[in-house]
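In what follows, a single structure is set out as structure tokens and then discussed.
The values are calculated or read from the model by the stated rules, or taken from the named source; none is laboratory data. Just so it is clear, the model here is predicted, and its values are computed rather than measured. Ideal geometry is used to build each Cβ from the backbone, glycine not excepted, and the neighbour counts take in all protein chains shown.
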Amino acid sequence: MSINKIIRHLMTTIWLSVLLLLLAGCYTANPQSDFDQTALLAEDRTGASVSLKDAWSTSFEERSEAWDGIEPLKLEPAIVVALTNDPELRRQLSLVARKRAELAQASLPPNPRVVFQFGAPLDAAGGSPGMVQLLQQLTWLWTMGDRIDRQDEQLQAMILDAARTTVTRAAEVRVAYTEAAYFRDIIELRRAFVATTRRTLDLVSALVEAGEVPEVNQERARIEHYVAEAALAMSMRQLRGHKLQLLRLMGWPGHGTGWDLASPLMQGPVEGMPTESQIVRRALEVRLDIAATERMIRAAEAELRLAGFTRIPQVEYRISWNRNFGDRPGLFNGSAVTLPIVDTGYAHIADAMAQLETANLDAAILRQNVILETRSALNSWFQAEEQLQLFDETLVLESERVVESSELEFKAGSVDSTELLLTQQQMIEQQLEMLQHMRQSALAWIGLETAVGGSFEIPLEKPEVEVETRS
């Protein structure tokens, strides 16, 4: 065989190997389809009408146009801004991109190796030896399917986890907005109470100057007024603190707090609430984190199958051209086999079995925690609703009428200032308690929606993820 034929034979083998690589490497490393699936999984669970695909198409540093930062902020624009400008969500997408790259890498066989060696005789009697060798590891042929399955399931789990993080962030924005709206309403009550105590102080002061009541009544009224002003100042600071927290969740931590909140405290449905068993079933069926743990179980199963191959010899194909000192060429075909004699693969299999057991236990723990979370959230919501019904709004209206009557009777001399101040304190306490029950009801409803997967409106079916393969 001539040297040219040998080289052509080697080149043909190399090109066939390259073609095999191209055919095998059919998984794309482009994560855009995974981002789109993450968006679709989360959109109906955020409590806002938003296209996450569009929201994530620009840099998180580019401010959302959903809110101008000046007009009174409504709840839905707050959620949209958070889902657009929060860097935590983009970090989750970058983790999805990493898993996509790992999947693309898993679909590729190892690169072939080409070895060149040339020699020279130490005397003038012989020719110049040489060797060209092509080596290709073949074990990947029977392990590639399981490696792809493992990375595929891990990618699906990461997509589901990124969608879950998005839903969780939307719920956190709803909670922060509710807290801020609660203190907004608190401030309105306390301002009205400050005006009431101011009016009482002026009235008592006039009576003291007229000598109709002792000065101690004036001091009591003044103390009541100062306490009301201090409580108002504290509530204003608390409102600013909750605005700062809300801005951070929205991705605008440096924005000012001179804006108002426009949405009222949200309430859950009055009728049509499913039973506890129905709610638990919904949570176990549609929650994204449960679906993610199921994918991790399948990934661990693929890892266990891969570990089983460590007990099988590792095979490498070799083809080489040699020329000896006599200038006689030769072509060699063969293989190298790594025998599992010392490292029998037992430890790899034991580790993979432990990983699978851990994944199954993680799923069982999560399911039990979800059941507890869902039942507790439903109980909290029922408790808040019962308190609202028992503490009817008419009680607050009645206390306000009692204060008005007490003021008239005080002017007429029928009651003293102590009784008037007491009725005013009872009024503000009842108003604050009513508002607190409304806050608890709103927070309990958010917690319940989060516990069942983000919304009661989504279909009662398991979340599905389809991984794109072709580039």
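Is it true that residue 1 is over 20 Å from residue 113 (Cβ atoms), exposed (fewer than 15 other Cβ atoms within 10 Å of the Cβ), modelled with pLDDT under 55 and not hydroxyl-bearing (Ser, Thr, Tyr)?
yes
Among the residues of the stretch 351-370, those that are of a type in the set (D, E, K, R) and either outside any helix (DSSP H, G or I) or within 20 Å of the chain's Cα centre (by Cα) (or both) comprise 362, 367. Among residues of the stretch 183-201 that are more than 20 Å from residue 240 (Cβ to Cβ) and in a helix (DSSP H, G or I), those with a Cβ under 9 angstrom from a residue that is among the hydroxyl-bearing types (Ser, Thr, Tyr) and modelled with pLDDT of 90 or more, sequence gap 6+ or separate chain, pair up as 197/226. Each residue in the stretch 249-286 was checked for being in contact with a helix residue (DSSP H, G or I) (Cβ under 6 Å, 6 or more places away or on another chain), hydroxyl-bearing (Ser, Thr, Tyr) and over 18 Å from residue 442 (Cβ atoms), and 1 pass. Scanning the stretch 412-457 for residues that are among the charged types (D, E, K, R) and either under 30 Å from residue 40 (Cβ atoms) or modelled with pLDDT of 90 or more (or both) yields 439, 449, 457. Taken as a whole, the structure places residue 164 among residues that are at pLDDT 95 or above, basic (Lys, Arg) and crowded, with 23+ Cβ neighbours inside 10 Å.
Say we look at the stretch 249-303 and pick out the residues that are within 22 Å of residue 438 (Cβ to Cβ) and free of Cβ contacts under 8 Å to residues at least 12 places away in the same chain; which of these is surrounded by the most Cβ atoms within 10 Å (Cβ to Cβ)? Per the stated criteria, the residue is 273.
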